[in-house]
Amino acid sequence: MRILADLHCHTTASAHAYSTIKEYADMAAEYSMEAFAVTNHGPKSADGAHIYHFGNLVVVPRVINGVTVLKGAECNILDSDGTIDLPPNILEKLDVIIASIHQAEYAPKSEKEHTKVLLNVMDNPNVHIMGHMGREKMPFDIEKVVKKAKETKKLIEINSSSIKKEGRILERCREIALACKKHEVPIVVNSDCHICYDIGNVGNAIELLDSINFDKNLIMNTSLEKALEFLNIRL
Ligand SMILES: [Zn+2]
Ligand SMILES: [Zn+2]
């Protein structure tokens with residue numbers, strides 16, 4: 001099984017990422033991928049992209065070197081109400097919105113508070129993907145969150161970069177994936193790449209999903225067509 005539409009990629013618009021959109025497109029073409037999404041950090045991150053970056057993504061061609069480019073953001077979750085750091089008028093113009101907790105913008109609290117914030121974020125109609133849910137300092141009630149994801153049609157992300165960073169995150173991702181399997185909740189598998197060579201590099205996440213016999217029909221980015229259908233995007 002391969003991921004042909006990597007929906008979480010950071011470009012040089014984020015200070016800690018090192019490749020341009022063109023470099024990602026060329027590498028995706030070399031890897032025979034169909035698509036990727038440009039999802040830089042929202043403006044509240046120290047190295048987030050300026051708000052103008054998101055407003056001007058319209059100038060990026062839809063297809064580069066045969067690869068479809070989706071325009072998006074990885075927004076920061078800012079408070080327990082589930083506020084994120086881009087306004088609706090910008091979010092509505094983008095294809096893919098990931099909402100993630102980053103500790104610099106939302107300090108770890110209690111499991112109860114983390115659950116509350118995730119449930120609140122899922123009420124935002126502009127959010128598509130709940131980013132890197134397996135991070136260990138952010139425990140939450142997996143059953144409650146996964147059930148609400150199904151109800152609100154949000155995708156749970158299994159994030160390959162997080163698994164690479166720390167072994168313990170793998171365990172947490174397994175628990176989340178098992179709950180998604182049990183409740184038949186759609187997911188995405190993303191690289192969260194910060195350099196073009198890592199695009200679509202999600203082998204560890206696929207291994208994890210294979211180890212629990214996860215139904216691949218529930219993985220919404222194995223092809224561009226499937227991703228577009230779920231995200232309700234017409235090219
Ligand atoms: Zn992130
Ligand atoms: Zn990211």
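Yes/no per residue for (1) away from ligand 2 (no atom under 16 Å from the Cβ); (2) more than 25 Å from Ile187 (Cβ to Cβ); (3) modelled with pLDDT under 95; (4) among the small types (Gly, Ala, Ser):
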position: Val58; (1), (2), (3), (4): yes, yes, no, no
position: Ile64; (1), (2), (3), (4): yes, yes, no, no
position: Val67; (1), (2), (3), (4): yes, no, no, no
position: Ala73; (1), (2), (3), (4): no, no, no, yes
position: Gly82; (1), (2), (3), (4): yes, no, no, yes
position: Asp85; (1), (2), (3), (4): no, no, no, no
position: Lys93; (1), (2), (3), (4): yes, yes, no, no
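Check region 178-188 and report whether any residue there is in contact with a strand residue (DSSP E or B) (Cβ under 8 Å, 6 or more places away or on another chain), closer than 21 Å to Val117 by Cα and part of a helix (DSSP H, G or I). Scanning region 178-188, I find at least one residue that is in contact with a strand residue (DSSP E or B) (Cβ under 8 Å, 6 or more places away or on another chain), closer than 21 Å to Val117 by Cα and part of a helix (DSSP H, G or I), so the answer is yes. Among residues of region 102-118 that are of a type in the set (Phe, Trp, Tyr), those with a beta-carbon under 6 Å from a residue that is within 16 Å of ligand 2 (Cβ to nearest atom) at least six positions away or on a different chain give the pairs Tyr106/Ile77.
Here is the figure for region 119-131: residues that are part of a loop (DSSP other than H, G, I, E, B) and away from ligand 2 (no atom under 16 Å from the Cβ) total 5. Scanning region 39-63 for residues that are within 16 Å of ligand 1 (Cβ to nearest atom) and basic (Lys, Arg) yields one hit, Lys44. Against the conditions (1) touching a strand residue (DSSP E or B) at 6+ places or on another chain (Cβ under 6 Å); (2) farther than 18 Å from Asp192 by Cβ; (3) charged (D, E, K, R), Lys93 satisfies every one except (1).
You will find that of Val185, Val202, Val146, the residue that is touching a residue at least 40 places away in the same chain (Cβ under 8 Å) and not polar (S, T, N, Q) is Val202 and no other.
Which of the numbered conditions does Asp6 fail, given that it passes all the others? Conditions: (1) closer than 24 Å to Pro87 by Cα; (2) buried (at least 20 other Cβ atoms within 10 Å of the Cβ); (3) within 12 Å of ligand 2 (Cβ to nearest atom). For Asp6, the exception is condition (1). The residues of region 13-43 that are within 17 Å of the chain's Cα centre (by Cα) and among the polar types (S, T, N, Q), listed by number, are Ser14, Thr39, Asn40. The requirement of being in a loop (DSSP other than H, G, I, E, B), away from ligand 1 (no atom under 14 Å from the Cβ) and more than 15 Å from Asp198 (Cβ to Cβ) is satisfied by Gly82. Number of residues in region 132-160 that are closer than 11 Å to Leu170 by Cα, surrounded by fewer than 24 Cβ atoms within 10 Å (Cβ to Cβ) and either within 15 Å of ligand 2 (Cβ to nearest atom) or among the aromatic types (Phe, Trp, Tyr) (or both) equals 1. Residues considered: Glu105, Glu113. Of these, the only one that is in a loop (DSSP other than H, G, I, E, B) and either more than 16 Å from ligand 2 (Cβ to nearest atom) or on the phi < 0 side of the Ramachandran plot (or both) is Glu105. Quick one: which residue in Phe54, Phe36, Phe140 is part of a loop (DSSP other than H, G, I, E, B) and not hydroxyl-bearing (Ser, Thr, Tyr)? Exactly one residue qualifies, and that residue is Phe140. Scanning region 155-171 for residues that are assigned to a strand (DSSP E or B), in contact (Cβ under 8 Å) with a residue 40 or more places away in the chain and closer than 17 Å to His102 by Cα returns Glu157, Ile158, Asn159.
The values are calculated or read from the model by the stated rules, or taken from the named source; none is laboratory data. These figures come from a predicted structure and were not determined experimentally. Neighbour counts are summed over all protein chains in view; Cβ atoms, including those assigned to glycine, are modelled from backbone coordinates with ideal geometry.
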